[in-house]
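Working notes, structure below.
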Amino acid sequence: MLRTISMIGSASGAITRRVALGLMVTASVLAMGQSRAEAAKDNVTIGMAIEPAGLDPTVAAPVAIGQVTWQNVFEGLTTIDRQGKVVPLLAESWTISPDGLTYTFKLRDGVTFHDGEAFSSATAKFTLDRARGDQSVNPQKRYFSTIDTIETPDATTLVLKLKQPTGSLLYWLGWPSAVMVAPKTAENNKVTPVGTGPFKFVSWAKGSQVQLEKNAGYWNSQVSVKLEKASFRFIGDAQAQAAALKAGDVDAFPEFGAPELMESFKGDAKLVTVIGNTELKVVAGMNNATKPFNDKRVRQALMMAVDRATVIEGAWSGLGTAIGSHYTPNDPGYIDLTGTYAYDVEKAKALLAEAGYPNGLTFTIKAPQMAYAQRTSQVLQALFSEIGVTMNIETTEFPAKWVADVLKAANYEMTIVAHAEPMDLDIYARDPYYFNYKNPAYNAVLQKVQETSDPAEQAKLYGEAQKILADDVPSLFLFVMPKLGVWDGKLKGLWENEPIPSNVLTDVHWVE
Amino acid sequence: MMARFLYRPVLVTGLVITLALVAVALLSLVWTPAVPSKMQILLKLKPPLSAGLFGTDQFGRDLTSMLMVGAWNSLSTALVAVALGASIGTAVGVFLAARRGWAEVIGMRICDIIFALPPILSAMMLGAFLGAGRFTAILAIATFMVPVFARLTFGAALQIWTRDYVSAAIGMGRSGLAITFTHILPNISNQIIVQVTIQLGLAILTEAGLSFLGLGMPPPAPTWGRMLADAQTYLGQAPWLALLPGLAIALAVLGFNMLGDGLRDLFDPREQN
């Protein structure tokens with residue numbers, strides 16, 4: 001290259017020298033850039049579609065909060081691992097009394113918060129009291145209501161006495177909403193989170209990114225955290241997400257927003273696409289208390305009018321798993337119930353006629369603006385028209401308007417949303433909840449789940465609960481969204497599946 | 001007359017484009033190659049000519065049929081909105097020109113206020129109150145047509161009011177209303193017709209913008225604007241999904257603008273000879 005230029009340059013020496021100088025400068029800048037890039041392999045930029053409104057997972061529900069902080073900044077007594085299993089974290093071990101009412105946790109010694117404050121049973125008591133107290137705004141407050149008293153015999157022992165046996169307690173304690181917080185810093189965790197995790201909070205540029213750095217004093221010496229710095233960048237638009245990935249502005253988008261753009265990464269040698277599973281159940285909830293959805297046959301007929309394969313293909317480019325109840329294949333005791341009211345137009349028409357609607361019916365779906373919800377609604381609209389049902393689509397804004405209109409006021413006929421919380425069968429037993437579904441037999445089964453701590457027994461009961469839902473069709477069970485991961489091929493250690501919404505960075509590292 | 005007409009390429013091109021669009025829109029009422037809302041997932045994202053003339057979208061719907069019905073939806077919304085805006089605006093304009101005084105000051109300032117508001121933003125507010133839909137779109141577009149026509153007709157009418165024959169009519173004791181109908185309106189009709197044509201193009205563009213933002217007709221009714229919005233993330237895979245409705249919008253706006261320009265030249269007395 002250089003030689004070619006000097007050959008041309010023999011006609012004009014000055015230009016040659018200048019070009020050569022320019023090239024040298026360019027080359028050295030490139031070399032510098034390269035060495036910097038090599039040295040920079042201890043930081044990572046993770047892309048996320050939604051920016052959280054605060055950074056304290058114990059005071060607000062949005063999953064984006066946990067996706068930044070859970071297991072990175074904050075840690076709980078227990079945690080949930082890649083496989084979705086409950087494992088010890090700040091509690092080293094525990095024993096459960098035979099009647100299932102007393103949980104005795106042995107806490108880890110030598111754990112400190114990022115500000116140097118020591119973690120002890122008193123901190124744990126403070127956290128749990130804060131989560132279950134009258135003033136609590138914890139999004140999962142109901143889960144802590146089972147705790148009757150909290151005792152702290154010594155600094156590393158925590159005893160929870162329960163009001164009734166709660167088989168899911170250890171699992172719930174692993175959630176983002178149950179992470180340990182210190183009395184001094186709890187109030188400010190929303191803006192400057194202080195936890196016990198492997199990463200410390202550095203800064204939050206609102207509208208752009210959150211930066212974390214390695215916690216040098218991390219208590220767990222068995223874990224070697226490779227990253228020095230990590231940042232979460234928030235990019236809402238799917239096209240911009242793709243552009244940022246291709247340009248290397250972000251190293252990973254663990255939850256990429258547009259399945260139809262996944263194909264476009266295939267030709268990129270630098271990026272890998274990883275399709276994993278999630279707990280995001282896309283269901284079209286119906287107001288079970290109002291006509292015509294108070295008639296089970298109508299709901300069943302609509303379920304039979306739905307060809308889930310068509311829905312998944314049309315709404316999410318064929319990436320997704322059909323479900324027959326509010327439960328995913330990751331969950332313990334999952335049974336495939338997609339055949340309970342399988343796609344059958346003729347049967348659907350007949351059942352609708354039997355329910356008193358031989359000429360079909362008309363209703364409105366309140367569909368949030370997200371692409372999956374809009375597209376699924378349009379596919380459902382087309383499918384329902386085959387059995388003479390007219391569904392109008394009304395777009396609503398998520399989260400604010402949807403939460404106010406649908407979730408809180410239940411002012412709707414049908415809606416559609418992806419439920420992100422794992423193992424949330426209990427939402428159908430809540431009263432009030434937006435489905436307005438009331439079935440004492442179902443509630444009894446869920447009650448029994450909590451009364452046992454035997455996983456096999458629980459799995460069996462979860463099976464029963466799924467069957468009841470599949471038969472009652474309180475909402476149209478459609479599909480589980482895939483986790484569309486796109487990241488740099490040299491980046492390792494990110495979770496491929498998502499048993500709980502998260503971006504755990506502990507094991508993330510670069511390889512050559 | 002005919003010869004004078006044919007020597008105007010802008011006018012003729014504009015007329016051909018708009019007539020073709022109107023023909024396609026009217027045809028869609030009685031015939032489309034396929035049912036535009038019919039989804040055939042197996043045939044999704046087929047490029048033009050491989051399935052139907054213009055291919056299919058992400059749900060396997062026939063794009064040709066969607067564009068045809070979209071033409072009707074766009075044109076009819078724009079027509080109704082402009083008709084509404086033009087009638088109210090003209091009524092206001094000629095009334096204020098006949099009345100003058102305080103009415104003029106207040107009326108014209110209200111027009112200024114409406115002018116100052118960005119149409120899309122106000123349409124979004126209207127949508128929040130009334131709910132998105134065709135009615136909202138028509139109302140929003142018509143609202144912003146009113147001051148355009150009010151100003152135009154007010155100015156034009158004022159000129160006519162100073163003419164001698166109007167003074168003569170006033171002298172004969174004819175009422176303002178009678179003069180407006182017999183002298184003012186017939187003399188400013190050419191200007192109104194030209195403005196209507198140009199505003200039609202603008203109305204189609206606004207309607208597409210509103211549909212793009214989800215404030216137009218709700219699905220399954222196909223609109224050019226929503227087709228364009230839906231096509232965004234498919235741009236790499238299926239560029240025709242964005243190109244075709246985009247072209248349709250551009251063509252429609254171009255057609256009406258050329259027609260309007262051509263008509264203005266045709267009516268211009270300075271070019272009569």
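The values are calculated or read from the model by the stated rules, or taken from the named source; none is laboratory data. Remember, it's a predicted structure, so these values are computed and weren't measured experimentally. With ideal geometry, Cβ positions are generated from the backbone for all residues, glycine too; neighbour counts draw on all protein chains shown. SASA here: full protein model, heavy atoms, side chains in, ligands and nucleic acids out. Shrake-Rupley method; radii C 1.70, N 1.55, O 1.52, S 1.80 Å.
Listing for the model above:
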item	result
Odd one out for residue A:164, checked against (1) under 26 Å from residue A:505 (Cα atoms); (2) touching a residue at least 12 places away in the same chain (Cβ under 8 Å); (3) open to solvent by 10 Å² or more (accessible area, probe 1.4 Å)	(1)
Residue in the stretch B:22-31 that is open to solvent by less than 20 Å² (accessible area, probe 1.4 Å), under 28 Å from residue B:152 (Cα atoms) and out of contact with any strand residue (DSSP E or B) (no Cβ under 6 Å at 6 or more places or on another chain) present	no
Matching entry among A:344, A:331 (being within 30 Å of residue A:85 (Cβ to Cβ) and either in the same structural domain as residue A:296 (by TED's automatic domain parsing) or in contact with a helix residue (DSSP H, G or I) (Cβ under 6 Å, 6 or more places away or on another chain) (or both))	A:331
Failed item in (1) at pLDDT 90 or above; (2) over 30 Å from residue A:155 (Cα atoms); (3) in contact with a Pro (Cβ under 8 Å, 6 or more places away or on another chain), with residue A:78 passing the rest	(2)
Residue match in the stretch A:179-193 (condition: more than 25 Å from residue A:53 (Cα to Cα) and assigned to a loop (DSSP other than H, G, I, E, B))	no
Helices (runs of 4 or more DSSP H) contained in the stretch A:368-473 and holding at least 2 residues open to solvent by 20 Å² or more (accessible area, probe 1.4 Å) and more than 12 Å from chain B (Cβ to nearest Cβ)	A:440-451, A:455-472
Verdict on residue B:67 being away from every other protein chain (no Cβ under 14 Å), touching a residue at least 40 places away in the same chain (Cβ under 8 Å), farther than 30 Å from residue B:152 by Cβ and buried (at least 17 other Cβ atoms within 10 Å of the Cβ)	yes
Failed item in (1) open to solvent by less than 30 Å² (accessible area, probe 1.4 Å); (2) outside any loop (DSSP other than H, G, I, E, B); (3) in contact with a Pro (Cβ under 6 Å, 6 or more places away or on another chain), with residue B:225 passing the rest	(3)
Residue check for residue B:91: buried (at least 20 other Cβ atoms within 10 Å of the Cβ) and assigned to a helix (DSSP H, G or I)	no
Failed condition for residue A:338, given (1) under 25 Å from residue A:292 (Cβ atoms); (2) open to solvent by 60 Å² or more (accessible area, probe 1.4 Å); (3) away from chain B (no Cβ under 14 Å); (4) assigned to a loop (DSSP other than H, G, I, E, B)	(2)
Test: residue A:315 is at pLDDT 95 or above and either open to solvent by less than 30 Å² (accessible area, probe 1.4 Å) or at negative phi (or both)	no
Per-region count, the stretch A:297-314, residues within 9 Å of chain B (Cβ to nearest Cβ), in contact with a Lys or Arg (Cβ under 8 Å, 6 or more places away or on another chain) and not charged (D, E, K, R)	1
Residue list for the stretch B:169-219, filter: within 14 Å of chain A (Cβ to nearest Cβ), of a type outside the set (A, V, I, L, M) and open to solvent by 20 Å² or more (accessible area, probe 1.4 Å)	B:212, B:214, B:218
Of all residues making up the stretch B:230-241, the number that are open to solvent by 20 Å² or more (accessible area, probe 1.4 Å), more than 10 Å from chain A (Cβ to nearest Cβ) and part of a helix (DSSP H, G or I)	1
Checklist (1) at pLDDT below 95; (2) open to solvent by 30 Å² or more (accessible area, probe 1.4 Å) applied to residue A:106, failing item	(1)
Residue in the stretch B:156-164 that is away from chain A (no Cβ under 14 Å), assigned to a helix (DSSP H, G or I), charged (D, E, K, R) and surrounded by fewer than 19 Cβ atoms within 10 Å (Cβ to Cβ) present	yes
Residues of the stretch B:121-172 classified as out of contact with any Cys (no Cβ under 9 Å at 6 or more places or on another chain) and within 30 Å of residue B:221 (Cα to Cα), total	25
Check on residue A:365, facing another protein chain (nearest Cβ under 10 Å), crowded, with 18+ Cβ neighbours inside 10 Å and either of a type in the set (Val, Ile, Thr) or not in a helix (DSSP H, G or I) (or both)	no
Test: residue A:274 is closer than 30 Å to residue A:42 by Cα and outside any helix (DSSP H, G or I)	yes
Residue match in the stretch B:125-133 (condition: within 28 Å of residue B:18 (Cβ to Cβ), at pLDDT below 90 and open to solvent by 50 Å² or more (accessible area, probe 1.4 Å))	yes
Which listed residue is within 14 Å of chain B (Cβ to nearest Cβ), of a type in the set (Phe, Trp, Tyr) and open to solvent by less than 10 Å² (accessible area, probe 1.4 Å), from A:293, A:265, A:232	A:265
